[in-house]
Amino acid sequence: MQLLFKQRLFSWFDSYDIYDRAGRTAFTVEGQLSWGHRLEIYGPAGDHLGTVKEEVLTLLPRFSLYAQGSYLGCIRKELSLFKPRFQLDCNGWQVDGDFWQWEYQVTDPAGGVVMQASKQLFHWTDTYTLDIRREADALLCLMIVLAIDAAKCSNG
């Protein structure tokens, strides 16, 4: 499954449109007024699917992931010098990024690559392509990319 993740150009809070390969809206993401980032994820029919919520008063960015009110896990940025590092406490998955912070890969130690996310250059807003192995993992993979993008924003 492939998704195109595009941040909206004009919005007060972080807002994104996520499209499938055919160009149809697969998800919409609305930023909410909150201490730290709070991103609400909706399906194409407007049904609430999940939340990515930044935990405040932490040394490095940390985000809790919720699907339909249930806690799934968290992702937190780790201190590193050259390559971005994130600790993902969910499904046993791991996140690796490249030096430029444009490419990310989520892997399952038992099953290989779950998702690859690539930032597209030369766009007015943050735009990523997400290649997801299983459609059932699309929401969680989207949450991970949203948290990484928000963490980069939090770090300036």
Putting +1 on Lys and Arg Cβ atoms and -1 on Asp and Glu Cβ atoms, find which of His37, Val113, Ala138 reaches farthest to the positive end of the dipole of the chain.
His37
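Evaluate the relative contact order of the chain (contact order divided by residue number), counting alpha-carbon pairs under 8 angstrom at least 6 apart; express in whole percent. Numbers along the way, then the final one.
Values: 332 pairs, mean separation 26.7, N = 156.
After rounding, I find 17 percent.
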What GluC sites (Glu not before Pro) does the stretch 7-73 have in DSSP loop regions with at most 14 other beta carbons within 10 Å?
Glu55
Those lysines that a straight Cα-Cα span of less than 19 Å connects to Lys119, excepting residues fewer than 8 apart in one chain:
Lys6, Lys77, Lys83, Lys152
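Looking at the stretch 17-72, which chymotrypsin sites (Phe, Trp or Tyr not before Pro) are in a loop (DSSP not H, G, I, E or B) and have at most 14 other Cβ atoms within 10 Å? Intermediate results must be reported in sequence, preceding the final value.
Working: sites: Tyr19, Phe27, Trp35, Tyr42, Phe63, Tyr66, Tyr71; in loops: Trp35.
Those that pass, being in a loop and sparsely packed, are Trp35.
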According to the square roots a ≥ b ≥ c of the eigenvalues of the Cα gyration tensor, what is the shape class of the stretch 4-156, taking rounded for a/c under 1.5, prolate for a/b larger than b/c otherwise, and oblate for the remainder?
rounded
Could you give the dipole magnitude of the chain about its Cα centre, charging the beta-carbon of Lys and Arg +1 and that of Asp and Glu -1, in debye to the nearest 20?
180
Answer rounded, prolate or oblate for the stretch 75-123, using the Cα gyration tensor with square roots of eigenvalues a ≥ b ≥ c: rounded when a/c is under 1.5, else prolate when a/b is larger than b/c, else oblate.
oblate
Could you give the nm distance between label points at Asp108 and Ala45, where each point is 7 Å from its Cα heading toward the beta carbon?
2.6
Under the rule a/c < 1.5 gives rounded, and otherwise a/b versus b/c splits prolate from oblate, where does the stretch 50-131 land using the Cα gyration tensor?
rounded
Give me the percent relative contact order of the stretch 45-102, please, defined on Cα pairs under 8 angstrom at least 6 residues apart.
21
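We did not get these values from a lab; they are worked out from the coordinates using the rules stated. Please read these numbers as outputs of a predicted model, since none were measured by experiment. Cβ: placed from backbone, ideal geometry, glycine included. Neighbour counts: every protein chain shown.
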